[in-house]
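Report on one structure; see the data block that follows.
The values are calculated or read from the model by the stated rules, or taken from the named source; none is laboratory data. Worth saying up front: this structure is predicted, and the values here are computed from it rather than measured. Backbone-built Cβ (ideal geometry, glycine too); neighbour counts: all protein chains shown.
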Amino acid sequence: MKRSGVHALSFDVEEHFQVSAFWSEERRSQWETYESRVERNTEKILDLLSRRGVYATFFVLGWVAKRHQRLVRTIVDQGHELASHGYGHELITNQRPDQFRDDVRKSKQLLEDIAGVPVYGYRAPSFTIVARTRWALPILVEEGYRYDSSIFPIRHDRYGMPEAVPYCHCIDTESGPLWEVPPSTLKVGAIRIPIAGGGYFRLFPYPILRRLLDGAAVHGHPLIMYLHPWELDPEQPRMAGSWLSTFRHYLNLDKTEARLKRLLSDFPFTTIRNTLDTIEQAGLKRAGLANRSRVNVQDHASRYMMGNGHG
């Protein structure tokens with residue numbers, strides 16, 4: 001039986017050889033020579049979602065979109081939300097502000113030109129909007145993005161902002177309002193643990209993960225889940241890397257598809273845009289007519305930002 005509430009499901013669409021844990025200048029120069037598997041893996045996800053009647057948000061890497069334009073159009077044609085994962089999968093922690101601006105502008109324009117729909121959402125490669133790269137948030141507003149899903153409120157060796165608000169909220173940046181949509185976490189004692197997906201989805205046995213997700217959902221906040229198409233591809237070619245990177249990337253790939261099917265049976269999902277619309281409507285309802293003037297600035301700004309449209 002599905003749990004109550006409306007939650008958000010998302011996928012970061014990138015090739016298996018583009019993950020930052022295996023990054024090197026040499027490997028990046030060889031991207032064009034590696035076997036592309038992203039189209040078949042994403043189509044597997046699209047077929048699964050279609051059979052379940054579920055819509056999701058797809059953060060597509062610009063590099064992938066340029067080479068697989070039909071896939072981008074298929075994502076939109078099937079009613080899903082198209083969002084940006086940047087263009088070249090460059091970590092923001094390795095970029096200057098001007099380089100970041102060029103990357104997110106190039107990605108947004110490319111996706112919109114291919115699909116013919118506006119792109120509102122952004123997710124940084126490896127969640128690298130951290131304390132020292134918060135300068136990226138106003139740039140996203142200036143470049144036309146309406147929400148970000150890059151701040152992971154945990155401690156991690158590669159990313160994370162443990163002091164950040166762990167739930168969907170609207171940030172007032174110096175350039176205007178921006179929704180922040182953090183991946184789901186759960187506070188256990190004094191520690192906040194990640195439960196949103198990716199390697200965490202493959203690490204915990206599913207019955208344990210489901211209990212953790214139930215624990216996070218009871219607080220009334222939507223779950224924000226994410227996966228990558230390569231996580232449903234246990235036959236992908238192996239990349240050489242550190243033992244930790246290898247462990248994180250290849251752990252339980254053969255179990256991901258079955259676990260995703262169970263997740264879709266246990267929880268109702270939609271796109272991030274639809275989830276934010278639900279949050280906004282609930283906020284207006286709670287505020288009531290008497291208090292509406294108090295929330296008008298943020299709520300109406302966010303409504304304008306999200307715009308209209310499907311997915």
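For region 115-134, a tally of residues being of a type in the set (G, A, S), surrounded by fewer than 23 Cβ atoms within 10 Å (Cβ to Cβ) and in a loop (DSSP other than H, G, I, E, B) returns 1. Applying a threshold of 7 Å to beta carbon distances and a minimum spacing of six or more residues, or different chains, the list of pairs starting in region 249-278 at a residue that is free of Cβ contacts under 8 Å to residues at least 60 places away in the same chain and more than 28 Å from F17 (Cβ to Cβ) and ending at one that is of a type in the set (A, V, I, L, M, F, W, C) and part of a helix (DSSP H, G or I) reads D277/M306.
Here's the yes/no breakdown for (1) over 29 Å from A217 (Cβ atoms); (2) at pLDDT below 85; (3) among the charged types (D, E, K, R):
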{"position": "G5", "(1), (2), (3)": "no, yes, no"}
{"position": "Q18", "(1), (2), (3)": "yes, no, no"}
{"position": "F22", "(1), (2), (3)": "yes, yes, no"}
{"position": "E26", "(1), (2), (3)": "yes, yes, yes"}
{"position": "Q30", "(1), (2), (3)": "yes, no, no"}
{"position": "E35", "(1), (2), (3)": "yes, no, yes"}
{"position": "E39", "(1), (2), (3)": "yes, no, yes"}
{"position": "T42", "(1), (2), (3)": "no, no, no"}
{"position": "L48", "(1), (2), (3)": "no, no, no"}
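Within region 232-250, being surrounded by fewer than 17 Cβ atoms within 10 Å (Cβ to Cβ) and modelled with pLDDT of 90 or more holds for P234, E235, P237, R238. Being assigned to a loop (DSSP other than H, G, I, E, B), more than 24 Å from G198 (Cα to Cα) and not hydrophobic (A, V, I, L, M, F, W, C) is not true of P153.
Scan region 251-272 residue by residue and report those that are more than 20 Å from T42 (Cα to Cα) and surrounded by 19 or more Cβ atoms within 10 Å (Cβ to Cβ).
From region 251-272, those more than 20 Å from T42 (Cα to Cα) are 266-268; that's our starting set.
The one that is more than 20 Å from T42 (Cα to Cα) and surrounded by 19 or more Cβ atoms within 10 Å (Cβ to Cβ): F267.
Within region 18-62, being hydrophobic (A, V, I, L, M, F, W, C), farther than 13 Å from H80 by Cα, in contact with a Ser or Thr (Cβ under 9 Å, 6 or more places away or on another chain) and assigned to a helix (DSSP H, G or I) holds for A21, F22.
Can you tell me which residue within region 22-39, out of those that are closer than 26 Å to I272 by Cα and touching a residue at least 60 places away in the same chain (Cβ under 8 Å), is surrounded by the most Cβ atoms within 10 Å (Cβ to Cβ)? Can you show your working first?
If we filter region 22-39 for residues that are closer than 26 Å to I272 by Cα, which is where we start, we get 37-39.
Retained after the next criterion (residues that are touching a residue at least 60 places away in the same chain (Cβ under 8 Å)): 37-38.
Working: R37: 17, V38: 23.
The extreme case among them is V38.
If you go through region 174-181 one residue at a time, do you hit one that is surrounded by 18 or more Cβ atoms within 10 Å (Cβ to Cβ), in contact with a Cys (Cβ under 8 Å, 6 or more places away or on another chain) and charged (D, E, K, R)? Yes - at least one qualifying residue is present in region 174-181. When you scan region 116-138, do you find a residue that is more than 30 Å from A190 (Cβ to Cβ), basic (K, R) and either touching a residue at least 12 places away in the same chain (Cβ under 8 Å) or in contact with a helix residue (DSSP H, G or I) (Cβ under 6 Å, 6 or more places away or on another chain) (or both), even just one? No: zero hits.
The rows are residues; the columns are (1) farther than 20 Å from F11 by Cβ; (2) of a type outside the set (A, V, I, L, M, F, W, C); (3) touching a residue at least 12 places away in the same chain (Cβ under 8 Å).
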| position | (1), (2), (3) |
| --- | --- |
| V76 | no, no, yes |
| E81 | no, yes, yes |
| S84 | no, yes, yes |
| R96 | yes, yes, no |
| Q99 | yes, yes, no |
| D102 | yes, yes, no |
| S107 | no, yes, yes |
| E112 | no, yes, no |
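Take the conditions surrounded by 22 or more Cβ atoms within 10 Å (Cβ to Cβ), closer than 25 Å to N94 by Cα and in contact with a Leu (Cβ under 8 Å, 6 or more places away or on another chain) and apply them to V141. Does it pass? Judged against the criteria, V141 is not a match.
Here the condition is being of a type outside the set (S, T, N, Q) and in a loop (DSSP other than H, G, I, E, B); of E90, E112, it holds for E90 alone. Residues satisfying the criterion are absent from region 202-217 (criterion: of a type in the set (F, W, Y) and more than 28 Å from I279 (Cβ to Cβ)).
Would you mind finding the one in E112, E142 that is in contact with a Ser or Thr (Cβ under 8 Å, 6 or more places away or on another chain), farther than 22 Å from H16 by Cα and modelled with pLDDT of 95 or more?
Numbers: E112 fails: in contact with a Ser or Thr (Cβ under 8 Å, 6 or more places away or on another chain).
Going through E112, E142 in turn, just one is in contact with a Ser or Thr (Cβ under 8 Å, 6 or more places away or on another chain), farther than 22 Å from H16 by Cα and modelled with pLDDT of 95 or more: E142.
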